[in-house]
1. Determine which member of the set A239, A301, A218, A210 is within 30 Å of V63 (Cβ to Cβ) and either surrounded by fewer than 16 Cβ atoms within 10 Å (Cβ to Cβ) or in contact (Cβ under 8 Å) with a residue 60 or more places away in the chain (or both).
2. Could you give every pair whose Cβ atoms fall below 7 Å, whose first residue belongs to region 86-101 and is among the small types (G, A, S), and whose second residue is open to solvent by 80 Å² or more (accessible area, probe 1.4 Å), counting only separations of at least 6 or pairs across chains?
3. Please tell me if V280 is β-branched (V, I, T), without any contact (Cβ under 8 Å) to a residue 24 or more places away in the chain and over 30 Å from I211 (Cβ atoms).
4. From A294, A284, A252, A230, which residue is within 19 Å of the chain's Cα centre (by Cα) and either within 30 Å of V78 (Cβ to Cβ) or in a helix (DSSP H, G or I) (or both)?
5. Checking the structure you have, find out if any residue of region 140-147 is open to solvent by less than 50 Å² (accessible area, probe 1.4 Å), closer than 27 Å to K234 by Cβ, in contact (Cβ under 8 Å) with a residue 24 or more places away in the chain and not β-branched (V, I, T).
6. Of these, K264, K234, which one is under 30 Å from F155 (Cβ atoms) and either of a type outside the set (G, A, S) or touching a Leu at 6+ places or on another chain (Cβ under 7 Å) (or both)?
7. Out of (1) more than 17 Å from the chain's Cα centre (by Cα); (2) in contact (Cβ under 8 Å) with a residue 60 or more places away in the chain; (3) in a helix (DSSP H, G or I), what's the single condition that is false for S308?
8. Can you give me the number of residues within region 245-260 that are of a type outside the set (G, A, S), in contact (Cβ under 8 Å) with a residue 60 or more places away in the chain and open to solvent by 40 Å² or more (accessible area, probe 1.4 Å)?
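The values are calculated or read from the model by the stated rules, or taken from the named source; none is laboratory data. Since the structure is predicted, the reported quantities are computational estimates derived from the model, not experimental observations. Here the Cβ positions follow ideal geometry from the backbone for every residue, glycine too, while neighbour counts run over all protein chains shown. Accessible surface is based on the protein model in full, side chains and every heavy atom, while ligands, DNA and RNA are left aside. Shrake-Rupley method; radii C 1.70, N 1.55, O 1.52, S 1.80 Å.
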Amino acid sequence: MKSTARRQSYGVRGAPYDHPSRTTTLERARSAPYFFLLPATLLFALFFALPIGYAVWLSFRKVKVSGLGLGSGARREVWAGLENYTDALSDSELLHGALRVLGYGCIVVPVMLGLALLFALMLDSEKVRLAPVTRLAIFLPYAIPGVVAALLWGFLYLPDVSPFYYVLDRLGMPQPDLLDGGPLYLALSNIAVWGGTGFNMIVIYTSLQAIPAEVYEAAKLDGATPTQIALRIKIPMVAPSLVLTFFFSIIATLQVYNEPTTLKPLTNSVSTTWSPLMKVYRDAFGEGDIHGAAAQAVIIAFATLLLSFGFLRAVNRRQKQEAAR
């Protein structure tokens, strides 16, 4: 009887130590992910969601001037409705800037993605040598800030300081003006292609490295040449990466700002409204029309989302149709 009583009393005293509170542990485990997400959520809200909401709010406002605009209360902010949007959509400068960016994108996107795919296929070849060095050399321009790259290429475009023009002059060859007229599009596109090809190449090359080696071995046993393997196996299997890089390229093209702004002091062919974002900056900080600039920025953002998601939806629809076959 004594031993039984001792075992029972020991069990009662030991219960708090042998069976800890599971409720507290589960509550902590469930709340832990939210604590990890809290810093990113705060940064997203403060530096992304809040500025977007403020820009949308400004786009529906305007400044009303009474009399000569002097004295207290002469300038006050009032509700404008859709007036800023109608003015932006009817602005010829914004439309011409969008057309210039469209022509710029028709050059940049195909050339940049074509070179990225070519370099990725070359680096994935079995016969390539010094692949790490070559991969780093192609990627390195992406690590250079866009403003610095535009300055470097801008001085290379100037006839007085460019070594290329010196060589052409010594050879008696014509010296084209790359900062005027049609060649200006090529000059701006060259900066973007030079800086963005490396990033897209790394994305495509990573997808190529993920393809199982057994696929290549089976193709070789069937007598496929390296060119046939690249065209019929590698490119179709990295199609999702090509879609991703094309998606990023569209967004970057619509937001072009650094290259024309940096080259503007070097030529008179680049106006303050050459691209839509340059016009937004001029209206907001040059002319003080922050409400009209906010409406233009919202329109540019909406157009970017519309084109991007429209492209993704078209790609997904095509993939479903091919899968159904």
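1. The conditions single out A301.
2. none
3. Working: β-branched (V, I, T): yes; without any contact (Cβ under 8 Å) to a residue 24 or more places away in the chain: yes; over 30 Å from I211 (Cβ atoms): yes.
Yes; evaluated as a whole, the condition is true for this residue.
4. Numbers: A294 fails: within 19 Å of the chain's Cα centre (by Cα); A284 fails: within 19 Å of the chain's Cα centre (by Cα); A230 fails: within 19 Å of the chain's Cα centre (by Cα).
Only one candidate qualifies: A252.
5. Scanning region 140-147, I find at least one residue that is open to solvent by less than 50 Å² (accessible area, probe 1.4 Å), closer than 27 Å to K234 by Cβ, in contact (Cβ under 8 Å) with a residue 24 or more places away in the chain and not β-branched (V, I, T), so the answer is yes.
6. Every option except K264 fails the conditions.
7. Result: S308 fails condition (1) only.
8. 3
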